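The values are calculated or read from the model by the stated rules, or taken from the named source; none is laboratory data. Everything quoted here is computed from the prediction, not taken from an experiment. When we count neighbours, we look across all protein chains shown, and the Cβ atoms used for this are built from the backbone with ideal geometry, even at glycine. Remember, those area values only see protein heavy atoms, side chains included, never the ligands or the DNA or RNA. Shrake-Rupley method; radii C 1.70, N 1.55, O 1.52, S 1.80 Å.
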Amino acid sequence: MKINLHHYPNLQIEGLLPRDVWVWTPPQYDLDPEAHFPVIYMHDGQNLFIPEKSYTHVTWGVAETITKLSGWNFIRPAIVVGIDNTENRFGDYMPTRPFETPEGEAYLEKIKQEAPEEFERSRFVADQYLKLIVDEVKPRVDRDFRTLSDLKNTFMMGSSLGGLISLYALVEFPHIFGGAGCFSTHWPVLDKLTRPYLQTYLPGAGKHRIYFDHGTADLDAAYQPFQQEVNEIMHQKGYNFGKDWLTRVAPGAIHHEQAWRDRLHIALRFLLGIYAV
């Protein structure tokens, strides 16, 4: 399958390393020059489209999956924006607001001591990373492509820390991102800070759709108790399971692009299903 990619090279704002951004348009984009499309912003752009660029030589298959599902009329076709990561991936994707409390500051000092090398080589600039997306990437995409730029047609999606920053984007910019797909969300890095942050800042139900999942092997084996706690918060915030929030468990699945590729169709049908509007 030919992948129709457009390229924004070396995008950068103050405080961030430069990175490439890739835009994929679905087949319907060229077939109907009057049509406008939802947009999914995805992290770890290297792993999305081209096997040779992927760290594991396996992509998410996002172009193939959207092409099939939209061709079968299961989902609305969507534009996908892949944002490459950098050597500061941990610092780019690590939410910062949860640490802006006395409890958060104490926990940050604790994990700094446990993983000093990771912290020495990381700069914690998640808010700047989101600013890049909101102030630079999204306006360019909306300018250059026929997008549906409103809340209900703008989504974030990623895995592991990419899942965490996807939810963080929706929470911090609830007026911009109407949905998030969070695969194998790396909750342990926030530990006990997850609950107070989401209880305080997660928008109440009514305007957003949120998808979570995880496997049960490899790194994913540690996620279940954290995800159960998040599920409780979703209930408290008024989200209805299966309607505007979905959590799925994949028995035996590991922490890998192939696993996320295998589950992508579930998230896409939940977020972009013909009746999910």
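Tabulated data for the structure shown
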read-out: Failed condition for Phe155, given (1) surrounded by fewer than 24 Cβ atoms within 10 Å (Cβ to Cβ); (2) in contact (Cβ under 8 Å) with a residue 60 or more places away in the chain; value: (1)
read-out: Filter result (outside any helix (DSSP H, G or I) and open to solvent by 50 Å² or more (accessible area, probe 1.4 Å)) within region 210-236; value: Thr216
read-out: Leading residue by the ranking (nearest to Asp144 (Cα to Cα)) among those in region 71-97 that are open to solvent by 10 Å² or more (accessible area, probe 1.4 Å) and assigned to a helix (DSSP H, G or I); value: Gly71
read-out: Selection count where residues are basic (Lys, Arg) and open to solvent by less than 40 Å² (accessible area, probe 1.4 Å), scope region 245-277; value: 1
read-out: Output for region 245-277, where each listed residue is outside any helix (DSSP H, G or I) and under 10 Å from Tyr211 (Cβ atoms); value: Trp245, Leu246, Thr247, Arg248
read-out: Residues located in region 28-44, provided they are surrounded by 12 or more Cβ atoms within 10 Å (Cβ to Cβ) and not in a loop (DSSP other than H, G, I, E, B); value: Gln28, Tyr29, Phe37, Val39, Ile40, Tyr41, Met42
read-out: Failed condition for Ala169, given (1) over 16 Å from Thr247 (Cα atoms); (2) not in a helix (DSSP H, G or I); value: (2)
read-out: Some residue of region 63-70 being in a loop (DSSP other than H, G, I, E, B) and closer than 26 Å to Ile266 by Cα; value: no
read-out: Residue list for region 61-110, restricted to those being closer than 24 Å to Asp127 by Cα and of a type in the set (Asp, Glu); value: Asp84, Glu87, Asp92, Glu100, Glu103, Glu105, Glu109
read-out: Residue in region 114-144 that is farthest from Ile40 (Cα to Cα), counting only those that are open to solvent by 20 Å² or more (accessible area, probe 1.4 Å) and assigned to a loop (DSSP other than H, G, I, E, B); value: Ala115
read-out: Failed item in (1) touching a residue at least 24 places away in the same chain (Cβ under 8 Å); (2) open to solvent by 10 Å² or more (accessible area, probe 1.4 Å); (3) on the phi > 0 side of the Ramachandran plot, with Gly242 passing the rest; value: (1)
read-out: Failed condition for Leu48, given (1) buried (at least 18 other Cβ atoms within 10 Å of the Cβ); (2) in contact with a His (Cβ under 8 Å, 6 or more places away or on another chain); value: (2)
read-out: Residues of region 38-56 classified as modelled with pLDDT of 95 or more and either touching a Cys at 6+ places or on another chain (Cβ under 9 Å) or acidic (Asp, Glu) (or both), total; value: 1
read-out: Ala205 being touching a residue at least 12 places away in the same chain (Cβ under 8 Å) and touching a strand residue (DSSP E or B) at 6+ places or on another chain (Cβ under 7 Å); value: no
read-out: Single residue of Leu48, Leu69 found to be without any contact (Cβ under 8 Å) to a residue 60 or more places away in the chain, in contact with a strand residue (DSSP E or B) (Cβ under 8 Å, 6 or more places away or on another chain) and closer than 17 Å to Trp260 by Cβ; value: Leu48
read-out: Residue that is least open to solvent (accessible area, probe 1.4 Å) [pool: residues in region 185-197 that are farther than 25 Å from Gly273 by Cβ and without any contact (Cβ under 8 Å) to a residue 60 or more places away in the chain]; value: Trp187
